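Below is one structure, written out as structure tokens, with a few remarks after it.
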2 protein chains.
Amino acid sequence: MTSASTVAPSVASAGLNCAVPHTAHDRVVLGHGSGGKLSAQLFRERFLPHFDNPVLRQQGDAAVLTVGNSRLAMSTDTFVVQPLEFPGGNIGMLAVHGTVNDIAMMGAKPLYLTTGFVIEEGLSMDVLDRVIASMAAAAREQGVTIVAGDTKVVERGKGDGLFINTAGIGLLDADFAPSADQAQPDDVILLSGPIGRHGMAIMSAREAIGFDTTITSDTAALWPLVDALRRATDGHVHVLRDPTRGGVASALNEIAAASNTGMMLDEASIPVPHDVLAACEMLGLDPMYVANEGVLVAMVPPEYADAALAALRAHPVGAAAVRIGRVVAQHPRMVVMRTHVGGTRIVDMLPGDQLPRIC
Amino acid sequence: MTSASTVAPSVASAGLNCAVPHTAHDRVVLGHGSGGKLSAQLFRERFLPHFDNPVLRQQGDAAVLTVGNSRLAMSTDTFVVQPLEFPGGNIGMLAVHGTVNDIAMMGAKPLYLTTGFVIEEGLSMDVLDRVIASMAAAAREQGVTIVAGDTKVVERGKGDGLFINTAGIGLLDADFAPSADQAQPDDVILLSGPIGRHGMAIMSAREAIGFDTTITSDTAALWPLVDALRRATDGHVHVLRDPTRGGVASALNEIAAASNTGMMLDEASIPVPHDVLAACEMLGLDPMYVANEGVLVAMVPPEYADAALAALRAHPVGAAAVRIGRVVAQHPRMVVMRTHVGGTRIVDMLPGDQLPRIC
């Protein structure tokens, strides 16, 4: 079992702008999978040198490909979340949303998914049934078809109930190509809903922690919001990103680095549900670093901001959308926040581990 | 650890045409992942009712899709092989070959792959490096690009070193669509090389078994053979299949069922390496049911058989290609073999477990 106490100390340092020395490992550690700096190091030092190619080097949410006469977005994600079922969803629903959202963030309409199951011997058929039913419903709701699959079973003690991989493709529109390197000074930063729900729902569902309220995951498909944004702005969306592992803070830092711009946020504008805030305070976590699975960040030129915000709010998943700040030319590659008390603080990348196995 | 002795008893019954009663399980068992009848039952009863759609119902090696103006083949496979490194290959090489071969069997040229890694905490970086290097080399050799990836890490004891998912897409040719339901009486059945090497290489690499010789896996990419067959026959290839889990026997049974034809094989013509045969006899296995990862079965009209065979033999991977039998109108949905001793025997689907975790 993963207990919160084993991760809280390192996560509690979130927000400190401490320099982290390069760490050489001769074995893989949990932090290599948590989506933070160690994950980036593993990718850069172990995968990229061998797999290096122009598509992979883009490091977008999904790859952009030309096949025949079509331009496609293609992405994959493996889900190892524990517990398999949690308030607001389960691993199957998450596996659909995760990959269709990565495709949607490229501005592509998700069309087809494949899925690979690794089941630990002894998994209850009832759990499996519920997971599969959720996947099917989540795909159907988006008009996405699951076209191929594969199932492997490993012995007891060689897995952890169920891992699910999904891979997907979507069709790109020639006139619509939001990208992390397209942020421009004066762009308005929009956030489609309250943050921190998915990560804290998972934490609260783990045995050791007893919260008073049940926090439900925000897991949701984001293509409808993307499509609405595209229409409302006539395609003038510079950046789209779903802040999953690493939360809003990590996503904004990645965009600032890719576009060589700065981000100036207004803390008071960022919606954090009361129960998420209370749970974060109890565990020493900063909600800016907690994973979301049904929220997007969009950066749009100021003249399109009102229309974009209205389009987001017109959809149930984006009903609580807000402006949270501006892209600035000052302090490039740095995310800065005006705090509740009137000061400013730097919102850095997480130096170490984030919550493990939340997706 | 998986020992051979736990699977040999049920596998040893391979070839017996025994009726197997429907088995209801309330938990997943190892056999659900082994590619035999239980796997088919799991797919039919648990996945298909929820995911049902015309593409999935085809149950080809890969899905056939139309995206924009292009026709694509898309497939996925997850690899849980143990040990991770074995004579002739490793899990990374296998993960590339497995998925590109599924795409190639549809007659499509494999183009792009995604990959998802689930790493158990503590995996040696040296092993990871070798696996990644092999994947990259296998992809490069085929002109396939790995365009997206994802890495998750699970705690010690929650995984088994490394699981790798690959998903891929390939471009279909409008004039070339081999399919399991296209087998026709009088078609010649070709086999591109000796059988049983992959499965027995894995078995021999597991600790408990000491063979005198080292059997090497046949893992290889098959698109070059498919492309050669297409050219040599002007596209007149009715069926292509790579007999992986379940071996040649299972692949032929599936084709017989899909095309409502019978298969008549000549046992003397089927190449089984001496060391594979010896190892199979020692373990009570039938090489016809042992997995291959670099062999294909092709069914072609008799007038194209010579050209097809010559095309296979012209490539190193198909140098030992042979004719192994004919498609017949008699005994539809049944695979029959003329044995070495002059009799005939029915080559049935495996009733139960096959070798676990060989891919």
Next item on the list: Sort the protein assembly as shown into rounded, prolate or oblate with this rule: let a ≥ b ≥ c be the square roots of the eigenvalues of the Cα gyration tensor; rounded if a/c is under 1.5, and if a/c is not under 1.5, prolate when a/b is larger than b/c, oblate otherwise.
Entry: prolate
Item checked: Label 7 Å beyond Cα on the Cβ vector: B:Ala314 copy-to-copy distances, nm -> 6.0
Item checked: Cβ-defined net charge surrounding A:Ser217, 11 Å radius [Lys, Arg +1; Asp, Glu -1] -> -2
Margin query: Quick check on the protein assembly as shown: helices-only [θ] at 222 nm, where DSSP H runs of length 4 and up contribute -39,500 (n - 2.57) each and the sum goes over total residues. Nearest 500, please.
Written below: -8000 deg cm²/dmol
Checklist line | At least 10 Å² of accessible area lost relative to the chain alone, listed for the range B:155-175 with a 1.4 Å probe | finding: B:Glu155, B:Gly157, B:Lys158, B:Gly159, B:Asp160, B:Phe163, B:Asn165, B:Ala167, B:Ile169, B:Leu171
Notebook entry, point to check: How far apart are the A:Asp26 label points across copies, placing each 7 Å from Cα toward Cβ, in nm, shortest first?
Noted result: 4.9
Check: Scanning chain A for helices, which whole DSSP H stretches are 20 Å or more long along the axis (Cα) and average 0.5 or more by Kyte-Doolittle?
Finding: A:125-141
Checklist line | chain B: antiparallel DSSP beta bridges as a percent of all, rounded to 5 | finding: 75 percent
Next item on the list: Tally up the carbon and sulfur contribution to the accessible surface of the range B:38-143 as a whole percent, 1.4 Å probe, everything protein left in place.
Entry: 48 percent
Check: Considering only protein heavy atoms, what per residue accessible area in square angstrom results for the range B:128-280 with a 1.4 angstrom probe?
Finding: 32 Å²
Note to self: For chain A, set up a GNM with springs between Cα atoms under 10 Å and report which of A:Val80, A:Val29, A:Val328 has the largest fluctuation.
What the structure shows: A:Val29
Next item on the list: For chain A, set up a Gaussian network in which alpha carbons nearer than 10 Å are linked by springs, and say which option among A:Asn69, A:Asn53, A:Asn101 fluctuates the most.
Entry: A:Asn69
Item checked: Interface size A-B, as summed buried accessible area [1.4 Å probe, Å², nearest 100] -> 6800 Å²
Item checked: Listing of the range A:87-120 residues, each with accessible area lower by at least 30 Å² in the full protein assembly than in the chain alone (probe 1.4 Å) -> A:Tyr112, A:Thr114, A:Val118
Notebook entry, point to check: For the range A:160-281, which whole-number percentage of the solvent-accessible area (1.4 Å probe, protein heavy atoms only) is attributable to carbon and sulfur atoms?
Noted result: 43 percent
Next item on the list: Ignore the peptide's own chain and count Cβ atoms of other chains within 10 Å of each Cβ in B:311-319; give me the average, rounded.
Entry: 0
Next item on the list: Taking a label point 7 Å out from Cα toward Cβ, give me the nm distances from A:His331 to the same spot in the other copies, shortest first, one decimal.
Entry: 7.9
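The values are calculated or read from the model by the stated rules, or taken from the named source; none is laboratory data. If you're wondering where the values come from, they're calculated on a predicted model, not measured in any experiment. Glycine also receives a Cβ, built like all others from the backbone with ideal geometry; neighbour counts cover every protein chain displayed. Side chains are part of the model used for accessible areas, which takes the heavy atoms of the whole protein and leaves out ligands, DNA and RNA. Shrake-Rupley method; radii C 1.70, N 1.55, O 1.52, S 1.80 Å.
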